[in-house]
Amino acid sequence: MQNNRTFFQSFIRNPMGMIGFFGVLLIVLLGIFAPTIAAYPKGYGTEILVAPGSGMLFGTDNLGLNVFAEVVWGARSSLYVSAIAVLVAAVIGLPAGLISGYKKGKIGSVIDGLIDIFLTLPVLPLMIVIAAIVGSSIINVAVVIGLFSWPSLAKVTRNATLRISEMQYIEAAKCLGIPSYRIIFKHILINVAGPVLVNLTLIMATAVLSESGLSFLGLGDPTTWSWGAILKKAWDASAVIDTPNPWWWWLWPSVFIMFYVISFNLLGTGINEILNPKSRE
Amino acid sequence: MNNIIEFKNFRMGFKDESGNEFNLLDDISFEIKEGVALGVVGESGCGKSMTSLSVLKLLPSGVTIQGGDILYKGDSILDMNQEQMEDIRGKDISMIFQEPMTALNPVHTIGFQVGEALKVHFPGMKNSEIKANVLEQLELVGIPNPETRYYQYPHQFSGGMRQRVMIAMALICNPKLLIADEPTTALDVTIQAQVLELMKNIKQKGSMMLVTHNLGVVSELCDEIVVMYAGCVVERGNIGEVFENPKHPYTKGLMAAVPSLDSKGKELYTIPGIVPTVKNFEKGCRFSPRCEESSEACKGIKPELTRVGDNHFVECWKYNNSEGSPCQK
């Protein structure tokens, strides 16, 4: 188990990775414990547009709802969206990358061509179109984001697989009569875990950006609190350009989006650095 | 004696982008009998490794079979599908590689890797049985403390120990034929001696095909020898006959190039020239441009494998009686 120990040891010594890890941990805790941290914001409050301070940590919006509660519940839907998007991306992208990297010849080039085509698609306009067609429930939005995140994952997986499948131990496994699916999932997948893991954390980050973007454009789920939805409401109420400006309304969700993306990016960079033996020295 | 593997005029090669066909292995014919160790020798790039991969039907993509056949116990390997091949690989024929440092998967334990072939080929076997088998096999190939080593990873093993693990992996299902592709090349001399000793012991159990360019290893381990040059079998036969009485000029050259105690102080013999690349193989005998004994006859037509002894064949115009003497051609 020497391997594992060195992984965790070097992870603890990697400041970037640790910052990212704690950032992610904080958001995960916020998301999980949202119901106990703050009541679900609904209806109308009595005091509207109260500046942050005593009682109202992040202030209130134009309906008198607590912005802090909105942000906390937003963390929950952001995590939900990214988790589903990552799941969808992994279910499509991993097999696509593994198979196209392992099976050279026709199957490989066909899948690789598909990956390249999907990589060149203009993602945001398509997402908007599809989100508009399938309707804006939060799960639809998540699946749509996942459907457009898999090509990068597949490409990364494919490149790593191409390298690993040239290794002699894969040839040795073939010589032992081990069937292809077993070689792919038992021998190659675990060897490409590094770059794949990094890419998955990046998808976590970009999924939230996409979700916020879609929500801001009004294609998100209007019944769920998400950071993008808060921003949209603030924008619709002209809170961004009003004087005096209720800055707390739009600032906090933006800060959290940034925080989320940066945390996951740092976590990904950290994992990457640790798994790369060259940078471990 | 039954043949485990029989090459029958096997030809293979590849096509380049513009559709030109090249030939890598030309008219390979030899057989591996039950219980016999066969050495395949030749310079780098003469097709030794291609020959051994052909037995397992694990040729690189883009390679085409141009003729002939390979028989495993009388059945054509070339006609078998993927599933039938997977069944044979590891169970009946297995292979050990040159590079012990890269031939083990770094992320799996030794126990898992050695036992995997059992798991795949005998799906009914219990995990405890597999483990017992693996431990026994590790013990057999001379790995101390197999109980502890079972749970360790390849990076905790030295080169020699890894080679032993690979041998254990290849032997776990008691294959009828073991192909060893330069099993000692990457090891230092003392470890080489130990691994050779081990190979000598395991050789008793089944047939072996030893691919190497070390004639010393062949004389130590093998009963029969196949000498290859540029994709052709130039000479083959009983090890004693070929070593004592090499017929083909290339075999003679190889023998002469081995340093011996008598050659102390003298310059070592070398065969002039280099192995031709596949794009400029000679039409006739492929060795003729480098051959000291070549004549005009060698250029045009390829000689056929001719019997020159009890179990001794050579492919050279000098001995080709079936088609008349080379001078008349």
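The values are calculated or read from the model by the stated rules, or taken from the named source; none is laboratory data. All of these numbers come straight from a predicted model, not from anything done at the bench. Here the Cβ is made from the backbone with ideal geometry for all residues, glycine too, and neighbour counts use every protein chain on show.
Structural remarks
- Filter pass, B:Ile70 being away from chain A (no Cβ under 11 Å), under 22 Å from B:Met209 (Cα atoms) and aliphatic (A, V, I, L, M): yes
- With respect to the stated conditions, A:Leu231 is buried (at least 22 other Cβ atoms within 10 Å of the Cβ), free of Cβ contacts under 8 Å to residues at least 40 places away in the same chain and in contact with a helix residue (DSSP H, G or I) (Cβ under 8 Å, 6 or more places away or on another chain).
- Note on segment B:124-160: among residues that are of a type in the set (S, T, N, Q) and more than 14 Å from chain A (Cβ to nearest Cβ), the one that is surrounded by the most Cβ atoms within 10 Å (Cβ to Cβ) is B:Asn133.
- Some residue of segment B:111-123 being away from chain A (no Cβ under 13 Å) and either farther than 27 Å from B:Phe7 by Cα or modelled with pLDDT under 90 (or both): yes
- Where helices (runs of 4 or more DSSP H) fall wholly inside segment A:132-177, the ranges with 1 or more residues that are away from chain B (no Cβ under 11 Å) and either under 17 Å from the mean Cα position of the chain (by Cα) or hydroxyl-bearing (Ser, Thr, Tyr) (or both) are A:138-147, A:150-165.
- Taken over segment B:1-42, the residue count meeting the criterion of being part of a loop (DSSP other than H, G, I, E, B) and among the hydroxyl-bearing types (Ser, Thr, Tyr) is 1.
- Residue match in segment B:181-194 (condition: touching a residue at least 24 places away in the same chain (Cβ under 8 Å), under 12 Å from the mean Cα position of the chain (by Cα) and at negative phi): yes
- Verdict on A:Leu209 being within 30 Å of A:Leu49 (Cα to Cα), part of a helix (DSSP H, G or I) and under 21 Å from the mean Cα position of the chain (by Cα): yes
- When the residues of segment B:217-275 are filtered to those that are small (Gly, Ala, Ser) and under 18 Å from B:Gly47 (Cβ atoms), the one that is nearest to the chain's Cα centre (by Cα) is B:Gly231.
- Counting only residues that are modelled with pLDDT of 85 or more and not hydrophobic (A, V, I, L, M, F, W, C), segment A:236-273 holds 9 of them.
- Tally, over segment B:140-155, of residues that are outside any helix (DSSP H, G or I) and among the aliphatic types (A, V, I, L, M): 2
- Criterion: at pLDDT below 90, over 30 Å from B:Lys57 (Cβ atoms) and in a helix (DSSP H, G or I) - qualifying residue of A:Gly194, A:Gly220: A:Gly194
- Flag if B:Val258 is surrounded by 13 or more Cβ atoms within 10 Å (Cβ to Cβ), β-branched (Val, Ile, Thr) and in contact (Cβ under 8 Å) with a residue 60 or more places away in the chain: no
- The residues in segment A:178-198 that are within 27 Å of B:Ile88 (Cα to Cα), within 11 Å of another protein chain (Cβ to nearest Cβ) and touching a residue at least 24 places away in the same chain (Cβ under 8 Å) can be counted, and the count is 5.
- Note on segment B:43-139: enclosed helices (runs of 4 or more DSSP H) holding 2 or more residues that are closer than 23 Å to B:Val195 by Cβ are B:48-55, B:110-121.
- Residues of segment B:73-110 satisfying the condition of being more than 22 Å from the chain's Cα centre (by Cα), more than 8 Å from chain A (Cβ to nearest Cβ) and buried (at least 23 other Cβ atoms within 10 Å of the Cβ): B:Ile110
- So B:Gly62, is it surrounded by fewer than 22 Cβ atoms within 10 Å (Cβ to Cβ) and farther than 20 Å from B:Asn2 by Cβ: yes
- Within the option set B:Ala168, B:Ala186, being among the hydrophobic types (A, V, I, L, M, F, W, C), within 13 Å of another protein chain (Cβ to nearest Cβ) and touching a helix residue (DSSP H, G or I) at 6+ places or on another chain (Cβ under 6 Å) holds for one residue only, B:Ala168.
- Flag if B:Met208 is among the hydrophobic types (A, V, I, L, M, F, W, C), under 20 Å from B:Ile130 (Cβ atoms) and either within 18 Å of the chain's Cα centre (by Cα) or assigned to a loop (DSSP other than H, G, I, E, B) (or both): no
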